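The structure appears below as structure tokens.
The values are calculated or read from the model by the stated rules, or taken from the named source; none is laboratory data. These numbers were taken from a predicted model, which means no experiment stands behind them. No Cβ is skipped: glycine too gets one built from the backbone with ideal geometry, and neighbour counts run over all protein chains shown. Just so you know, the surface numbers come from the protein's heavy atoms only, side chains and all, with ligands and any DNA or RNA stripped out. Shrake-Rupley method; radii C 1.70, N 1.55, O 1.52, S 1.80 Å.
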Amino acid sequence: MTAHYLARLPFYVAMWMIVLTWSGVARADERSFHPSDPAEQAQLEEDWRKQDGIETPREAVSYQQAVAVLWERIGRLRAYLEDRGTLPRELQSQYDALRSESDRLSDGAAEELAWRELWLAVHRLRRELMFSAVEVYRGPIVFIKQVPSIMSHQLTQYQGSTARPGGGVFVLDRPAASLACRPLFHADFPPGSYQFLDVASDGNRVLFAYCEVPSVPVNRDECLDRAYHLYEWSRADGSVRQLTDGPFDDFAGRYLPDGRIVFLSTRRGGYHRCGRGPCPVHVLTLAEADGSNPRPISFHETHEWDPAVLHDGRIIYTRWDYVDRHAVFYQMLWTARPDGTGVAAFYGNNTWNPVGVWEARPVPGSHRVMATAAAHHAMTAGSIILIDPQRGNDGLEPLERLTPDALFPESEVPVGNLSREEYWSAGIVDRSRIEVPREARRWPGHCYRSPWPFSESFFLASYSFDRLIGEPDPNPPAMFGVYLCDRFGNKELLHRDPAISALWAMPLSPPPSAVRLVTLDDGAARGVRAAAGTLSASASPAKGEGVMRSVSLAGADLALAADSAGQGVDLQPAPSGGDGTLILQNVYASWKPLPAVPIRRLRIVQVLPKSTPHANDPMVGLANASPGKQVLGTVPVEADGSAYFTVPAGVPIAFQALDEHGRAVQTMRSLTYLRPGETLSCVGCHEPRHVAPAVAALPLALRREPSAITPGPEGSKPFSFPRLVQPILDRKCTACHGGNKTEGGLTLVGRPEGAFTVAYVQLAAKVPFSAWTGAHPSANAEPATPPDHFGSRACRWFDDIIAGRHFGVQLDREEVESLATWMDVNALFYGTFDRELQARQLRGEIIPGPGLE
């Protein structure tokens, strides 16, 4: 018996140290890493049981089996700390003693009670090890309590009209030692909903969004007058002030290094295009430090989410980029400067799995970012990932799954709703080839969100054992708690409220500093422009961050490029008013490769935001859920593939590479925009992002002044089939395809038929146009468009007409370009979403430009 107790002496010593630490007796010179309150201890132990599968409804395990999994994960954590020389000696001793006890129990027929005792001890050791990591912040943590909205969807989760009451801003004063929290402030707010947080660089102010919600909305349409606004708490006097107001949703505020605030707002106007609304578009918006002068800095045509400031001063955010593409995908990461210039894709714009990426945050001391891989048809929640742009800009290769126990929702695992457990599935991944993790079998649909990285290996996140519920239903009020997580599979509960979710946790301390970038509206910027022509309008990538798809050159930067090429250049300053300047180095630097066809011009197409709230209500053409468009005109391309031209600022635009007949060889199914005075430079046409551009000589286009846009044909702005195409049909086609004579069963008369005309419905059906049909995205040539796949060059019958092989029909150059323009601009009919203006266009009348551009 004595030998037995002597053999277990290290175990008893380790247990005694853990008990002392648990009770707060030990570590007099440090904070305890364990709650001392019995109720909190019970809550923590219950959370461990649910994590490990002790007495769970599915995938239940014994204490012995749970300990085996714990050792695997703790072993990786211990090795990480040991490799960095930060493993506390007493924790190493506890680790060794508990491993010895585990081995001893495994060698015999130990009772379950002994394994339970060991299981508790190992869990307490794990908590000690996680909080001992030097990068883990142990001070006060601020977070939001919120009931998720009445409809779980990316577009409705943050609307005031769908908010449910409850919650506030709270603080965990001792996140390692206590699960208890307190309100950050005691302001007399009416019942409402709170969301998003940010802490100022001095650590003395906290930004959040609040919406008064006196009752739970019955549906999405009942409370359209409710909106979130930005508020700020001050540590100095504990006061809270309102920063924004009006009938707009303002949320997701972030302090910028210059003191201003970037946030998301619906004040730009417009709606989404692909479902029942209203889903007002929210985009990047900028305000002064006191909330004054709010103005959109993004001119993207649809939604954006989750801005954050990167180490180099750029803003990273999620953008929904589905111009003529599948509506479920392409909610991926983009960057811009704090004034909205230098817009560039960061990750995923040609990726289907995950469906989308939200909540990106820079990782301290790293070029990587941490984010949430989530679904489209549900609120933001899924799996936490680490993105390395050095390893690529699309697909799974740049991703590390920090929470591999949770599959990517909607792409790898279906998202259910209250009517069916598996409802929303993108149909992209062969599910039979996916190994479902034990945790996902134990807690189907479990999910993470709101990561806050301390390092690449440790982070705060909200976690839910409950299944993620998708459209059109709400999620459980109390599904999320706040946890400290690591990349080794461990997570430790910091707070869970049985009545309401805990989200958006972050340290209540000054955040890591970021570079303050000079912007076009800075006084300093004005001085630079005066001295050097124009200001560089997008950040050069930080070392190790990869080559951006487009960078800005201006003034001294362009002069330096010219000098390095051994040639002088007299560059004209960019316009200081309402224009920007764009440089294309070589249109032939393209992915996918262009055919051996000389590119003579670029067509500049304006993409119009949708001004009405429901999909296809009204339609602007046969293409499902299409954006509106109009043609600004064309600019020349030099023999070396270069172009240099001005474009109107604040206008979302796309480009088409044209052959000698004005037919699009390649079409951009995305968009960009410039700010006044901005100069943007592109290497090529969707060129490989990680290949440095060749600079053998100064591009020909840069040896002259920038080109002005040559307007497109009559009827292309505003876009109008009756004015752009029908006159040509009347002159050249209706003799054989109209009235009593309809050769080939084709009638090309301009008589109204439903929402369009007879000629349009019949002719558009013969044009390959891009459209989201709900089918697999490859059916729409996604993600990357092959040249000559859509539009006029994909129409063999148009080749015959141009060549004079269609019964003697002869088209002049202007007629060819008009017809090509119509086909290339996705064969649309109208140039507006306004029903009254559409009625005028149907009659062939000229209308003013669309109200929302």
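List of remarks:
- Peptides 790-799, 776-785 ordered by average Cβ neighbours within 10 Å, highest first: 790-799, 776-785
- Couplings 3J(HN,Hα) for the range 387-402, derived from phi with the Karplus relation 6.51 cos²θ - 1.76 cosθ + 1.60 (θ = phi - 60°), are 10, 10, x, 5, 9, x, 10, 8, x, 7, 4, x, 9, 10, 7, 7 Hz, where x marks Gly and Pro.
- Annotation: amide H of Leu184 within the under-5 Å range of Val169, Phe170, Val171, sequence separation 5 or more or interchain, hydrogens built in the peptide plane.
- Point-charge dipole on Cβ atoms (K/R +1, D/E -1) for the range 57-214, about Cα centre, debye to 20: 260 debye
- Straight-line reach from Lys50: taking Cα to Cα under 19 Å and skipping same-chain neighbours fewer than 8 places apart, the lysines in range are Lys491.
- With contributions of -39500 (n - 2.57) from each DSSP H run of at least four residues, the per-residue ellipticity at 222 nm computed over the chain stands at -6000 deg cm²/dmol.
- Which of Cys736, Trp358, Gln195, positive extreme of dipole for the chain (C-beta unit charges): Cys736
- Cut-off 10 Å between beta-carbons: net charge of the residues surrounding Ser149, Lys and Arg +1, Asp and Glu -1: +2
- Over all other residues within a Cβ to Cβ distance under 11 Å of Val635, the charged ones net out to +2, with Lys and Arg as +1 and Asp and Glu as -1.
- Annotation: amide H-H contacts under 5 Å for Arg601 (H modelled 1.01 Å from N, sequence separation of 5 or more, or interchain): Val637, Leu658.
- Note on Lys741: lysines with a C-alpha under 28 Å away, same-chain residues under 8 apart excluded, are Lys732, Lys766.
- Bridgeable lysines around Lys610 (alpha carbons under 23 Å apart, same-chain partners fewer than 8 residues away excluded): Lys629, Lys717.
- Listed values for the range 83-95 are Karplus-derived 3J(HN,Hα) couplings in whole Hz (6.51 cos²θ - 1.76 cosθ + 1.60, θ = phi - 60°), namely 4, 9, x, 10, 7, x, 4, 5, 6, 5, 5, 4, 4, and x replaces Gly and Pro.
- Cα long-axis angle, helix 38-52 against the chain (0 to 90 degrees, to the nearest 10): 60 degrees
- Evaluated with a Cβ-only charge set (Lys, Arg +1; Asp, Glu -1), the chain carries a dipole of roughly 880 debye about its Cα centre, given to the nearest 20.
- Relative packing of peptides 332-340, 174-182 - highest average C-beta neighbours within 10 Å first: 332-340, 174-182
- Using a cutoff of 8 angstrom between alpha carbon atoms and counting only pairs six or more residues apart, the relative contact order for the chain works out to 10 percent.
- Among the trypsin sites (Lys or Arg not before Pro) within the range 339-434, those in coil by DSSP and having at most 15 neighbouring Cβ atoms inside 10 Å are Arg420.
- Among 219-229, 635-645, 452-462, the order from most to least packed when residues are scored by Cβ within 10 Å on average: 452-462, 635-645, 219-229
- Cα shape, the range 758-853, gyration tensor, a/c 1.5 rule: oblate
- In sequence order, calculated HN-Hα J values of the range 364-376 (Karplus, 6.51, -1.76, 1.60; Hz; x Gly/Pro): x, x, 9, 8, 7, 10, 9, 7, 10, 7, 9, 9, 8
- Surface accessible to a 1.4 Å probe, per residue, for the residues of the chain, Å²: 37 Å²
- Relative contact order, percent, the range 280-400 [alpha-carbon distance under 8 Å, six or more residues apart]: 17 percent
- Cα-based shape type of the range 645-717, given that a ≥ b ≥ c are square roots of the gyration tensor eigenvalues and the cut on a/c is 1.5: rounded
- Put simply, the amide H of Gly628, placed in the peptide plane, has neighbours under 5 Å in Leu608, leaving out anything fewer than 5 places away on its chain.
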